[in-house]
Every structure is written in structure tokens, then in C-alpha cells.
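To start, the structure itself, in C-alpha cells.
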Amino acid sequence: MREAYIERKTKETDISVKLALDCEKNTVKIDTGIGFFDHMLTALAVHGNMSLEVCVKGDLNVDGHHTVEDTGIVVGQALAKAVGDKCGIARYGTAYIPMDEALGFCSLDISARPFLVFDASFTDSKIGEYDSCLTEEFFRAFAFNAGITLHIKSCYGSNDHHKTEAIFKAVAHALKQAVKINSDTLLSTKGAL
């Protein structure tokens with residue numbers, strides 16, 4: 001089984017993440033202190049077909065920024081460790097996901113060349129206690145620490161909850177495709193990533 005356990009402690013956050021791929025039965029336990037963010041990480045795990053346990057104690061008395069961004073760092077590191085040398089993985093994944101009136105898109109490459117293109121705008125500054133602008137911060141931290149080229153787009157929608165959830169689920173389904181082992185060789189014309 002491909003899995004990883006990562007802990008990260010700073011003056012702003014104390015985070016532990018356990019991530020596993022290839023499980024017969026997935027375990028999902030998320031506690032970040034931000035309800036909507038917990039909901040999104042749960043969607044990422046369930047739709048990405050991975051076990052994910054995340055425990056975060058962050059300086060929410062300041063705001064949610066450090067909690068969300070640092071969680072992206074640690075979840076990204078855990079995914080990179082779980083995927084390992086990338087030998088045999090499909091490497092690429094793409095998904096469109098509808099959520100009522102909203103449509104989210106993701107295309108990614110587990111390439112060891114981190115990059116984020118994020119094309120989404122939100123009407124409201126908050127979804128519950130979650131700052132809408134933190135979706136981009138999470139995925140930037142995630143992509144750069146996982147070594148993923150990540151393209152995300154909210155194609156359309158009017159409800160920020162739906163738009164954000166469609167994005168997280170699109171990333172999850174693209175990841176599920178990309179981490180799948182389908183050969184015993186590295187998918188690269190260079191022979192290395």
C-alpha cells in the first residue's frame with residue numbers, strides 16, 4: 001500500500017496528516033476547526049478514493065489562512081511521499097464535475113514540476129467560517145508540495161459553495177486517475193521526472 005504520515009508544527013499551526021492510496025476500505029477523519037474546509041477535504045478524500053486523516057490546530061483566532069495553507073503543504077507532502085518515485089502511475093488526470101448549477105474543471109500532471117493555474121472567482125468573501133479566497137491558497141500549497149502541475153477552473157456557477165465543491169471534487173477525480181498504477185515503467189520520454 002502506498003501511504004504516508006507527515007507532521008508539521010510551527011508557531012501558527014500543528015498538523016498531522018495520514019494519507020493512503022490503494023485501500024480496500026478508506027478511512028476519512030478530518031478536523032481542521034473550519035467546518036466548510038473539513039467538508040471539502042472529506043470530498044477530496046472520498047472522491048479521490050483515498051484514506052485521509054487530517055488533524056489541525058491552527059491560530060483561528062487570527063483567521064483561517066495559516067490553517068488552510070499549511071494543511072495544503074502537509075497534504076501535498078503526504079501525497080508526494082505516498083506516490084513515491086512515480087513509476088507505473090498514469091501520471092495525468094482530467095475531470096469535469098457538475099455541482100447543481102456549477103461546473104468545475106481540473107487537469108493535472110504528477111510531474112515533479114509544480115505549477116498552479118487557478119481560474120475561479122467567488123461572489124461572497126466567506127462560505128460559513130471559510131474565506132473563499134483560501135481555495136486558491138490551499139491548492140497552491142498542495143500543488144507545490146506534491147510536485148503537481150495543477151490547472152483548475154470554475155467554468156460557471158452562481159453559488160460559491162457549489163463552485164468550490166465542484167473544484168475540490170474535480171481535483172479528486174483527476175488525482176484518482178493520475179495515481180492509478182497502470183504499468184511498471186515511468187511515463188516519461190526522458191526516462192525521469
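The values are calculated or read from the model by the stated rules, or taken from the named source; none is laboratory data. Just so you know, these numbers come straight off a predicted model, no measurement behind them. A quick note on method: Cβ atoms are made from the backbone with ideal geometry, for glycine too, and the neighbour counts reach across all protein chains shown.
What about Gly58, is it crowded, with 23+ Cβ neighbours inside 10 Å, over 20 Å from Cys155 (Cα atoms) and not β-branched (Val, Ile, Thr)? Yes: the conditions hold for Gly58.
Reported count of residues in segment 26-63, each being part of a loop (DSSP other than H, G, I, E, B), touching a Ser or Thr at 6+ places or on another chain (Cβ under 8 Å) and either β-branched (Val, Ile, Thr) or under 19 Å from Ala82 (Cα atoms) (or both), is 4.
Candidates Gly72, Gly84: the one that is at pLDDT 95 or above and not polar (S, T, N, Q) is Gly72. Taking (1) exposed (fewer than 15 other Cβ atoms within 10 Å of the Cβ); (2) farther than 28 Å from Tyr156 by Cβ; (3) not polar (S, T, N, Q) in turn, Ala82 satisfies each apart from (1). Considering segment 100-193, the qualifying strands (runs of 3 or more DSSP E), each wholly inside and each with 1 or more residues that are surrounded by 22 or more Cβ atoms within 10 Å (Cβ to Cβ), aliphatic (A, V, I, L, M) and under 13 Å from the mean Cα position of the chain (by Cα), run over 102-110, 148-156. Can you go through Thr67, Thr71 and tell me which one is without any contact (Cβ under 8 Å) to a residue 60 or more places away in the chain, in a helix (DSSP H, G or I) and in contact with a Phe, Trp or Tyr (Cβ under 8 Å, 6 or more places away or on another chain)? Exactly one residue qualifies, and that residue is Thr67.
For segment 36-55, the set of residues classified as hydroxyl-bearing (Ser, Thr, Tyr) and surrounded by fewer than 18 Cβ atoms within 10 Å (Cβ to Cβ) consists of Thr42 only.
The residue that is farthest from Lys180 (Cα to Cα), counting only those in segment 22-35 that are out of contact with any Asp or Glu (no Cβ under 7 Å at 6 or more places or on another chain) and among the hydrophobic types (A, V, I, L, M, F, W, C), is Val28. Among all residues of segment 113-120, there is at least one that is under 18 Å from Thr71 (Cα atoms) and of a type outside the set (Phe, Trp, Tyr). In segment 122-137, the qualifying residues are those that are touching a Ser or Thr at 6+ places or on another chain (Cβ under 7 Å) and either in contact (Cβ under 8 Å) with a residue 40 or more places away in the chain or not acidic (Asp, Glu) (or both), and the one that is nearest to Tyr92 (Cα to Cα) is Thr135. Of the residues examined, Phe142 is one that is under 21 Å from Ala4 (Cβ atoms), in contact (Cβ under 8 Å) with a residue 12 or more places away in the chain and aromatic (Phe, Trp, Tyr).
Scanning segment 57-73 for residues that are touching a helix residue (DSSP H, G or I) at 6+ places or on another chain (Cβ under 6 Å) and either closer than 23 Å to Leu175 by Cα or hydroxyl-bearing (Ser, Thr, Tyr) (or both) turns up Val68, Glu69, Gly72, Ile73. Annotation: of all residues in segment 1-35 being crowded, with 20+ Cβ neighbours inside 10 Å and touching a residue at least 60 places away in the same chain (Cβ under 8 Å), the one that is farthest from Gly93 (Cα to Cα) is Ile34.
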